[in-house]
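Quick notes on the structure that follows.
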Amino acid sequence: MRKYYLESQLNWNRDFGVHNLGALLYHYLQDEVSTFTDVDNTGVGNIPYRSQGLSARLTYGLQNKYFLDLNFGYTGSENFRVCEQYGFFPSVALGWVATEYDFMKENLPWLSFLKFRASYGTAGNASISNARFPYQTKVNSHSGSTWGHVGSGINITQLGADNLRWEVSLKQNAGVDINFYKDRLKITADVFKDVRDNIFQQKLNIPGVAGYVTTPYGNVGSMYSFGTDGNFSYYQPITKEIDFTVRGNYTFATNYVNHYDEAQQPYEYLNRTGYPWAVQRGYVAMGLFES
């Protein structure tokens, strides 16, 4: 195994009175290839895994009360067709610190910190298949009986996926950070939603009479997940040398399949669309047989 990795970044921050500006530019490049013999003799195993990306962030703060983050990622992978190897994924985040107002400090001395925040943006996934270059159609030679004849021939081992695209996730989040009693009690809570499109899967809705040797793949799946999580901590000093901290957290998350390319099932509960992913299926236990 041989692997090269290059990473570089450029940071800039400056204050202009009540204004605070910051910028970040980040780039990475990765090249990884196996030095072992390609076991299937196709040569694909010796082609390097390559990826690179350029991301940037621009931050703005006003009076330590209002915050704005603008981000983008421009990421590329060798696993896609030429001219379609890069994806652009932007995002934005907002924050508001309510306890920076004078009337909050004067009227609510027990509230030491209160911040509301929200974010909205996209992310891309290039690891959509275990196979290399799923947009290509691959054939292989074979020997044996074919259509009643004995001999050698070729067969399709992978049917190329036309218009192969990045898997894209739309992420939304809203949260609050709140501290009480000079930061002794800290509470953080978030709610989130993730809508994932262009999921790469087999097109199981195509009947066998269509004549495909192998079932084709495509960016046809879609699902979403949502939930909430949070944590708290409480700090209590006992003496100058002894204190203790209590911490806790919670998480709730679930998901549903928006679209799964499948044939119509004989019973509704057998469909994947409209149900959580990998849900347990079977009869509901009605009790024990006693007599």
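The simple Förster model, with R0 at 45 Å and r as the Cβ-Cβ distance, assigns VAL213 and TYR49 a FRET efficiency of 0.95. With helices as the sole contributors, the chain gives -500 deg cm²/dmol at 222 nm; each DSSP H run of n ≥ 4 counts as -39500 (n - 2.57), and the sum is divided by every residue. Leaving ligands, DNA and RNA out of it, report the carbon-plus-sulfur percent of the accessible area of the stretch 123-275 at a 1.4 Å probe. C and S atoms contribute 52 percent here. Per-residue extension of 0.36 nm, minus the Cα-Cα distance of LEU24 and ARG281, leaves a gain of 87.7 nm for this segment. In the context of the full protein assembly, VAL220 retains an accessible surface of approximately 40 Å², using a probe radius of 1.4 Å and ignoring ligands and nucleic acids.
According to the square roots a ≥ b ≥ c of the eigenvalues of the Cα gyration tensor, what is the shape class of the stretch 1-125, taking rounded for a/c under 1.5, prolate for a/b larger than b/c otherwise, and oblate for the remainder? It is prolate, given that a/c is not under 1.5 and a/b is the larger ratio. Net length available on complete extension from TYR267 to TYR74 is 65.1 nm, with 0.36 nm assigned per residue and the Cα-Cα distance removed. If you take the alpha carbon atoms of the stretch 161-208 and fit the smallest convex hull around them, that volume is 101 Å³ per residue. Across the stretch 22-29, computed HN-Hα scalar couplings (Karplus, 6.51 cos²θ - 1.76 cosθ + 1.60, θ = phi - 60°) run x, 9, 9, 10, 10, 9, 9, 9 Hz from first to last residue, x flagging Gly and Pro.
Centre-to-centre separation between the Cα atoms of the stretch 258-282 and those of the stretch 64-116: 37 Å.
Excluding same-chain neighbours fewer than eight residues apart, the lysines reachable from LYS171 by a Cα-Cα span under 21 Å are LYS115, LYS193. Using the 1.4 Å probe convention, the accessible area of the stretch 166-230 works out to 53 Å² per residue with neighbouring protein chains retained. Put MET1, MET104 in order of accessible area, highest first, and with a 1.4 Å probe you get MET1, MET104.
Accessible area per residue, 1.4 Å probe, Å², for the stretch 87-134: what's the number?
Details: 2730 Å² over 48 residues.
Per residue, the stretch 87-134 has 57 Å² of solvent-accessible surface.
Can you give the FRET efficiency for PHE116 and ILE154, using 1/(1 + (r/R0)^6), R0 = 41 Å, r = Cβ-Cβ distance, to the nearest 0.05?
In this case the efficiency is close to 0.10.
Label zone of TYR181 (point 7 Å out along Cα→Cβ, amide N under 20 Å): in the stretch 100-128 this covers 105-115. The label-point distance for TRP12 and THR245, in a model that sets each label 7 Å from Cα toward Cβ, rounds to 3.7 nm.
For the chain, a Gaussian network of Cα nodes joined below 10 Å ranks ASN64, ASN219, ASN173 by mean-square fluctuation, and the top entry is ASN64. Once Rg and the Kirkwood radius are both taken over the C-alpha atoms of the stretch 104-246, their ratio Rg/Rh works out to 1.35. Using the alpha-carbon positions of the chain, Rg (one decimal) and Dmax (whole number) come out as 27.2, 92 Å. Heavy-atom accessible area with a 1.4 Å probe sorts LEU29, LEU288, LEU24, largest first, into LEU288, LEU29, LEU24.
The values are calculated or read from the model by the stated rules, or taken from the named source; none is laboratory data. Note that the coordinates shown come from a computational prediction; the quantities given were computed from them, not determined experimentally. Please note: Cβ atoms are built from the backbone with ideal geometry, for glycine as well, and neighbour counts cover all protein chains shown. The accessibility values were calculated without ligands, DNA or RNA, using every heavy atom of the protein model including side chains. Shrake-Rupley method; radii C 1.70, N 1.55, O 1.52, S 1.80 Å.
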